[in-house]
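Beneath this line is the structure, given in structure tokens, with notes to follow.
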Amino acid sequence: MKYWLHIWRLHMFVFFLFACGEKKETPKGKKLAQVGNQELFFIEVKSAMPNKMNSQDSTEFVERYIDNWIRKQLLYQKAEKEVKIDEQELQKRLDEYRFALLTHEFEKQYVAKKFSDTITEQEIKDFYEKNKQEFELRQNIVKAIFIKVAKNEKDNETIKKIMLSEKSEDRNELVRFCNEKAISYYLQDTLWVDFDELTKLTPFESIPNKVNFLKNNKISQMQDGEFSYILAIKDYKISEQISPLEFVRERIRSMILNQRKTLLIKQLEDELYKEAQKNKSFQIFK
């Protein structure tokens, strides 16, 4: 009985706050809690509350917010009493944080106004050619088709014969087979993909020498208790070879964009320095 009475009172309290809270004399609204000299007002809770909350959710939100606020204030006030900290060191850290926060925000706003994220295909190719050694593969990659079917599937041998075919009718037949009979499949054989990711959780995962396997097998099939796994490899690249451009295209885009941002910030710093130098806004003492 006491529990339901508590819930009813809390519901009424929240309703009262939203109905009347901002009409109180204090501009902050009704005071909800106090720990030492720190006070929590209704306006702070309301500003943090998501829109369109029903009565039950509002009640729970207010209750949680007040409870969390009290806990944080108690912890902070205990820390103030117990922790011995050099005030100068504390102020230094606060100044450094404020400096970093303001400069970061200014740089972000400046970049947002000046930055262009348009990258041409030629820029990507040029970057790739100039920095090829940075794109050494860390894994084996393939262009391949991979199909998982029931172990007793009768058409497996027929499908294996057309998996590497370039004929449109064979491709259509392969797609039809996969849609009708495959447990799962991967047909994007024009894209480079991580070999280990493609064959994860299949018998191919346990191949001892994957480099030799890739070099010596175009089409292969392995089985476990229930399924057959058919793999057709159209092309491959071995770990430590230079990655194909297609495989690192998005990585190159990110690298170019990061370079542009860095250059833009450097140009901003140089412009500010030259302007200040011209206006004699700083001095260097020797």
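The values are calculated or read from the model by the stated rules, or taken from the named source; none is laboratory data. All values reported here derive from a predicted model rather than from experimental measurement. Here Cβ is always computed from backbone atoms with ideal geometry, including for glycine, and neighbour counts include all displayed protein chains.
Of the residues making up the range 93-123, just one is at pLDDT 95 or above and of a type in the set (Lys, Arg), namely Arg98. Among the residues of the range 45-55, those identified as assigned to a helix (DSSP H, G or I) and at pLDDT 85 or above are Val45, Lys46, Ser47, Ala48.
Checked against the criterion of being of a type in the set (Gly, Ala, Ser) and under 30 Å from Ile162 (Cα atoms), the range 132-145 contains one or more residues that satisfy it.
In this structure, Glu166 does not qualify as assigned by TED's automatic domain parsing to the domain that holds Ala232, over 26 Å from Lys237 (Cα atoms) and of a type outside the set (S, T, N, Q). Restricting attention to the range 89-140 and to residues that are polar (S, T, N, Q) and in a helix (DSSP H, G or I), the residue that is nearest to Pro244 (Cα to Cα) turns out to be Gln133. Residues in the range 157-201 that are under 11 Å from Ile147 (Cα atoms) and of a type in the set (Val, Ile, Thr): Ile159, Val175, Ile183, Thr199.
Residue-wise test of (1) loosely packed, with under 13 Cβ neighbours inside 10 Å; (2) not β-branched (Val, Ile, Thr).
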{"position": "Val149", "(1), (2)": "no, no"}
{"position": "Asn156", "(1), (2)": "no, yes"}
{"position": "Lys167", "(1), (2)": "yes, yes"}
{"position": "Asn179", "(1), (2)": "yes, yes"}
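Return the residues of the range 226-263 that are among the small types (Gly, Ala, Ser) and either in contact (Cβ under 8 Å) with a residue 12 or more places away in the chain or touching a strand residue (DSSP E or B) at 6+ places or on another chain (Cβ under 9 Å) (or both); say none if nothing qualifies. Give the derivation first.
Initial filter on the range 226-263 (among the small types (Gly, Ala, Ser)): 228, 232, 239, 243, 254.
Residues satisfying the conditions are Ser228, Ala232, Ser239, Ser243.
Can you say whether Phe13 is modelled with pLDDT under 80, more than 30 Å from Ser254 (Cα to Cα) and either not in a strand (DSSP E or B) or not aliphatic (A, V, I, L, M) (or both), as far as the supplied structure shows? Judged against the criteria, Phe13 is a match.
Here the range 72-122 is the region considered, the condition is being surrounded by 10 or more Cβ atoms within 10 Å (Cβ to Cβ) and among the acidic types (Asp, Glu), and the residue that is farthest from the chain's Cα centre (by Cα) is Glu80. Scanning the range 28-44 for residues being assigned to a helix (DSSP H, G or I) and out of contact with any strand residue (DSSP E or B) (no Cβ under 8 Å at 6 or more places or on another chain) gives a total of 2.
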